[in-house]
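Here's the structure we're looking at; comments come further down.
Computed from the coordinates by the stated procedures, all read-outs in this text should not be read as laboratory data. None of these values were measured; they are calculated from a predicted model. Positions of Cβ are generated from backbone atoms using ideal geometry, with glycine treated the same way; all protein chains shown enter the neighbour counts.
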Amino acid sequence: MLKNDAAKPQIEQLVHEMFELNFGQPPRKIDVNLDERSLVIYLEDFVGSEIQDLVDSKDPDALRSVRELVVEHLLPELKRQIGERTGHSVDSFYYDWSDRNLSGVLIGMFGEAAYRNSSDDYEGKLELHREIGGITYEIEKMPDAIYSYWASPNVLVMIREGILIKIEKAFIDQGASGVLRKVKRTLEKQVLIREGKIGETLDRRLKGLYLDWAFGEDKSFLVCVFEDAETK
């Protein structure tokens, strides 16, 4: 298995190749952050002319088809090739992006939840956890646990465990996880941006919020991307 510093450029090149092949051009920016807890890939401007037309038309069905392409084709293939090229075995990928500018985050988790034993201590952490816990309680229930760590100086990962309420579990059991994910993503982003004060708490300028869920494990991934510290 390649060491992290050697694996990161291999993964960046792989993402470059796959997005160029499937979207007509590579992302303008690819940031790969890899440690024992997770693989976080931040992308900016992965838009060819056809994808940009979908964004401009604000066609939700067309954009949903693009998401399905990512989920059904790119991510399984990306996971396989990362394993072959670097020896790092990603257990599951989660993702989200902004329809406004097609920036996005892919977060790959490894088999064991290493984040539980290696969360970071940082200024504002306790206050931020209280805020996120309160917002989660407002929308669904207080999380059983919240973990957070810096994947890079500008990328904070927060993982909430034990957040689903009974009606959400019923939706999942009835095969409606896609609808639930769409509704939760829209609602939670709105509330987090309006009430979260994430940037204010950490004294950083927030650039983007990205959300996904592992419904089967009753956990949520919240990735906060910040501007460089000197531009706060």
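Using the Cα centre as the reference, give the magnitude of the dipole from point charges on the C-beta atoms of the chain (Lys, Arg: +1; Asp, Glu: -1; all else neutral), rounded to the nearest 20 debye.
360
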### Query
For segment 71-151, what is the Kirkwood hydrodynamic radius in Å, using each pair of distinct C-alpha atoms?
15.3
### Task
Run down the aspartates and glutamates and flag those whose C-alpha is under 15 Å from the C-alpha of K189, throwing out any fewer than 8 positions away in its chain.
D96, D99, E131, E138, E140, D212
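From largest to smallest, what semi-axes in whole angstrom does the chain give when each is the square root of 5 times an eigenvalue of its alpha carbon gyration tensor?
Numbers: eigenvalues 131, 96, 73 Å².
Taking √(5λ) for each Cα gyration eigenvalue gives 26, 22, 19 Å.
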#### Entry: Listed residue pairs exceeding 28 Å between alpha carbons, taken from K79/K184; K29/K182; K141/K182; K29/K169; K125/K219; K8/K197
K29/K169; K8/K197
### Task
Can you run the Rg to Rh ratio on segment 112-232? Use alpha carbon positions and the Kirkwood inverse-distance Rh.
0.97
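Under the definition of Cα pairs under 8 Å and six or more residues apart, what whole-number percent is the relative contact order of the chain?
Details: 347 pairs, mean separation 37.9, N = 232.
About 16 percent, as a whole number.
Figure the gain on full extension for Q174 and E123 (residue separation times 0.36 nm, minus the Cα-Cα span) and round it to one decimal in nm. Provide the component values of the computation, followed by the final result.
Details: separation 51, 0.36 × 51 = 18.36 nm, distance 4.21 nm.
Extra length from Q174 to E123 when fully extended: 14.2 nm.
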### Query
In sequence order, what are the phi-derived ³J(HN,Hα) couplings for segment 210-224 according to the Karplus relation 6.51 cos²θ - 1.76 cosθ + 1.60 with θ = phi - 60°, rounded to whole Hz, with x for glycine and proline?
9, 10, 7, 9, 10, 4, x, 9, 6, 9, 10, 10, 10, 10, 10
## Note on the structure
Given unit charges at Cβ for Lys, Arg (+) and Asp, Glu (-), the dipole magnitude of segment 116-231 about its Cα centre in debye, nearest 20, is 480
### Message
I'd like the Karplus ³J(HN,Hα) series for segment 18-32: coefficients 6.51, -1.76, 1.60, θ = phi - 60°, whole numbers in Hz, and an x wherever there's a Gly or Pro.
### Response
5, 6, 5, 5, 9, 10, x, 7, x, x, 5, 9, 10, 10, 10
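So which chymotrypsin sites (Phe, Trp or Tyr not before Pro) in segment 142-232 are both in a DSSP loop and have at most 12 other Cβ atoms within 10 Å of their Cβ? Walk me through the intermediate numbers first.
Values: sites: Y147, Y149, W150, F171, Y210, W213, F215, F221, F226; in loops: none.
Passing sites in segment 142-232 do not exist.
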### Alpha-carbon gyration tensor eigenvalues x 5, square-rooted, for segment 189-232, Å
24, 12, 8
### Query
Where in segment 187-224 is the amide nitrogen less than 14 Å from a point lying 7 Å along the Cα-to-Cβ axis of I139?
187-198, 209-215, 219-224
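DSSP loop trypsin sites (Lys or Arg not before Pro) in segment 122-178 with at most 15 other Cβ atoms within 10 Å of their Cβ, which ones?
Values: sites: K125, R130, K141, R160, K166, K169; in loops: K141.
In loop regions of segment 122-178 (DSSP not H, G, I, E or B), the sparsely surrounded trypsin sites (Lys or Arg not before Pro) are K141.
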